[in-house]
1. Name every residue in the stretch 45-62 that is at pLDDT 80 or above, outside any loop (DSSP other than H, G, I, E, B) and loosely packed, with under 10 Cβ neighbours inside 10 Å, in order of residue number.
2. Conditions: (1) more than 21 Å from the chain's Cα centre (by Cα); (2) modelled with pLDDT of 80 or more. Residue 69 meets all but one. Number of the miss?
3. Among the candidates 179, 171, which residue alone is outside the structural domain of residue 93 (by TED's automatic domain parsing), at pLDDT below 75 and either under 31 Å from the mean Cα position of the chain (by Cα) or part of a loop (DSSP other than H, G, I, E, B) (or both)?
4. Of all the residues that make up the stretch 100-129, how many are assigned to a helix (DSSP H, G or I) and modelled with pLDDT under 70?
5. Give the number of residues within the stretch 1-44 that are assigned to a loop (DSSP other than H, G, I, E, B) and either at pLDDT 75 or above or within 39 Å of the chain's Cα centre (by Cα) (or both).
């Protein structure tokens, strides 16, 4: 019986369990792993409570309010653009003609800023020659845009001569012909 006591003493003696210690090399101790995860989560919660749990002053509340503005501002801005396109198409078309002059790399930069703001991790490579090509395209397009804006402004209701029928004689006669209007007839009688 002495030899069994010697073997068991070597394996389990001295407060150690050689089999369990050997097994933990290949598979982590589940109880210890859970304890480490709980400690890490508790530390993260304590850090967040220290950062966000304190009462903020007026400046902190102001900055938090500013941080919450971009998303609703972008959403309401898009809704405003749809409404303005229906309300005043000429005004809207003038603004869109101006946007035609924005270079492609600037659109890419704006898209990246918005994408990063909303959490996307998208980067666009910028090639040195693309800016020169884009600048040449914009310079070539600028006279067309200026002509389009002038044409659009001529269509405004408050522009002198906007209702000019030009060389269309039928339209000129129809515009000068007096039509029957009961309200005007009543007013003339009074």
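The values are calculated or read from the model by the stated rules, or taken from the named source; none is laboratory data. Please read these numbers as outputs of a predicted model, since none were measured by experiment. With ideal geometry, Cβ positions are generated from the backbone for all residues, glycine too; neighbour counts draw on all protein chains shown.
1. 58, 59
2. (1)
3. Values: 171 fails: either under 31 Å from the mean Cα position of the chain (by Cα) or part of a loop (DSSP other than H, G, I, E, B) (or both).
Checking each option against the conditions leaves just 179.
4. Our first condition is that a residue be assigned to a helix (DSSP H, G or I); within the stretch 100-129, this holds for 104-117, 128-129.
Next, only the ones that are modelled with pLDDT under 70 stay: 128-129.
So the answer is 2.
5. Kept after step one, since they are assigned to a loop (DSSP other than H, G, I, E, B), are these residues of the stretch 1-44: 1, 13-17, 27-29.
Imposing the further condition that a residue be either at pLDDT 75 or above or within 39 Å of the chain's Cα centre (by Cα) (or both) reduces the set to 27-29.
Final tally of qualifying residues: 3.
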